[in-house]
Every structure is written in C-alpha cells, then in structure tokens.
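S.K.: First, the structure itself, so that you have it in front of you.
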Amino acid sequence: MTNFHEVRFPAGLSFGSVGGPERRTEIVTLNSGFEERNTPWQDARRRYDAGVAMRSADDLDTVLSFFEARAGRLYGFRWKDWCDYKSCLPSREPAFEDQEIGVGDNVLTEVQLCKNYVSGETAYCRAVTKPIEGTVSIGVGGVELFEGEGFSVDYSTGVVRFVEAPYEAALITAGFAFDVPVRFDTDRLEMSMAHFAAGNVPNIPVIEVRV
C-alpha cells in the first residue's frame, strides 16, 4: 500500500483516546415482527478520537506536525490501541503459544499473523498486519522458533515466512504486539488556543484502513 507511512502516531497521545471496533449490521423487520440480520463486512473497523488526549499546547503542536506530514487523510499510519495491542491478556507479556495461526502441511511456508477473539463456541480471527518489530515469537508443534533462524516477519504486512515448511499437522502458534493501520478521517483541523485553555479539546477523528 503506497499511501501508507510506517510511522506510529505518538503513543503517549493515543493513550487517552476514545474509540474501538465498529460493525455494520443491516436489519430488516418482517411483517411477522421477526428480523433478518446480515452484514456486508467480514471484519470490524475501528474508530478513535485523538483529540481527547491533548493536554498541552506542545501536544497540539505535535499532532499538527503529524497531521501535516500525513497530508490529512492522504497517508495512513500506525496507531497504538491501548485497549487491544497484544496477543495475550493485558496483564501478561506476549508468548509464542498465545494464538493459533495455522496448521503445518509440509508445504506451507507463509502464514498471516492473527488474533482470535473467542466467546463460547464462537470465534473471530482478526488479521494482524502491523506487528511491532522485535515482539513476534513463533511456535511449531509446541517448540519455539527464533526469528532470523527459523522464520522471518514482514512487519508491514504481518506475514510470517518459515525457513522450512512446518511438518504435517503441526500447530503453528504466535505471540506479538501490534498496531492498527489507520488514517485521519478529516482533511481539516480546527484548533484554538483560547478554546483549549478553557478546557475544550479539538475533535481529531481517526479510522482504521484495510491493508
């Protein structure tokens, strides 16, 4: 994706942001009162408001510079979602057995990183396309592999490439930290030092992009 910059929005400023996943559900109410529900989206799309995290004039200047460097909505960038940025529970550190991402077949040499969201018997697999460099660990059949020896990672796509294809029926697992690919959802920033001093923060919408 040529209109994407592999740079992260300042993590300290995304810490206080508000946002999360959005789904699109189409609902038709029948004459009987029953509903038919469907969705054109396979994956959720996340939205955030970066403005609520601004605490000082220096923060405003940092965001203004970042916005101009991305040319508004033109270029995407990385975003740290502090509520969901690891393959494990928030209280733990990523480990190679965190997520099941594939099964070996003696042929497969590439696999996409993903995070599984499980509730009861239902699971949703979210592709992770922007892992953080140096955080990815991989396991094959319960044995940890080491980056540079057993596998490599494309940190711009989240694709893992094995030196040798995992053996038949071997469970492939992964642990990692990751960013969300996003862009600004506006080409215009409205800022006022007077309003900011009075406690009014600017609205700076950010939206996830497909990569």
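The values are calculated or read from the model by the stated rules, or taken from the named source; none is laboratory data. Small disclaimer: the values here were computed from a predicted structure and weren't measured. Cβ atoms come from the backbone with ideal geometry, glycine included; neighbour counts cover every protein chain shown. Heavy atoms of the whole protein, side chains included, go into the accessibility calculation; ligands, DNA and RNA do not. Shrake-Rupley method; radii C 1.70, N 1.55, O 1.52, S 1.80 Å.
S.K.: Since Glu68 meets every condition but one in (1) part of a loop (DSSP other than H, G, I, E, B); (2) surrounded by 10 or more Cβ atoms within 10 Å (Cβ to Cβ); (3) modelled with pLDDT of 95 or more, which condition does it not meet?
M.R.: Condition (1) is where Glu68 drops out.
S.K.: If you don't mind, there's one more thing I want to ask. Please enumerate the residues belonging to the stretch 35-61 that are among the hydrophobic types (A, V, I, L, M, F, W, C), within 19 Å of Gly72 (Cα to Cα) and open to solvent by 30 Å² or more (accessible area, probe 1.4 Å).
M.R.: Passing the criteria: only Val52.
S.K.: Only one of (1) at pLDDT below 90; (2) assigned to a loop (DSSP other than H, G, I, E, B); (3) of a type in the set (D, E, K, R) is not met by Arg73, so which one is it?
M.R.: (1)
A quick yes/no check of all residues on (1) assigned to a loop (DSSP other than H, G, I, E, B); (2) touching a Lys or Arg at 6+ places or on another chain (Cβ under 7 Å); (3) over 25 Å from Trp82 (Cβ atoms):
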position: Tyr124; (1), (2), (3): no, no, no
position: Glu133; (1), (2), (3): yes, no, no
position: Glu164; (1), (2), (3): yes, no, yes
position: Asp187; (1), (2), (3): yes, yes, yes
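S.K.: Then there's this: Does any residue of the stretch 11-20 turn out to be under 18 Å from Phe67 (Cα atoms), polar (S, T, N, Q) and without any contact (Cβ under 8 Å) to a residue 12 or more places away in the chain?
M.R.: no
S.K.: What residue, of Leu13, Leu30, is surrounded by 12 or more Cβ atoms within 10 Å (Cβ to Cβ), farther than 30 Å from Ile172 by Cβ and not small (Gly, Ala, Ser)?
M.R.: Numbers: Leu30 fails: surrounded by 12 or more Cβ atoms within 10 Å (Cβ to Cβ).
Sole residue among the options that is surrounded by 12 or more Cβ atoms within 10 Å (Cβ to Cβ), farther than 30 Å from Ile172 by Cβ and not small (Gly, Ala, Ser): Leu13.
S.K.: Name every residue in the stretch 70-107 that is among the hydrophobic types (A, V, I, L, M, F, W, C) and either in contact (Cβ under 8 Å) with a residue 60 or more places away in the chain or touching a Cys at 6+ places or on another chain (Cβ under 7 Å) (or both), in order of residue number.
M.R.: Those that are among the hydrophobic types (A, V, I, L, M, F, W, C) and either in contact (Cβ under 8 Å) with a residue 60 or more places away in the chain or touching a Cys at 6+ places or on another chain (Cβ under 7 Å) (or both): Leu74, Phe77, Trp79, Trp82, Cys83, Cys88, Ala95, Phe96, Ile101, Val103.
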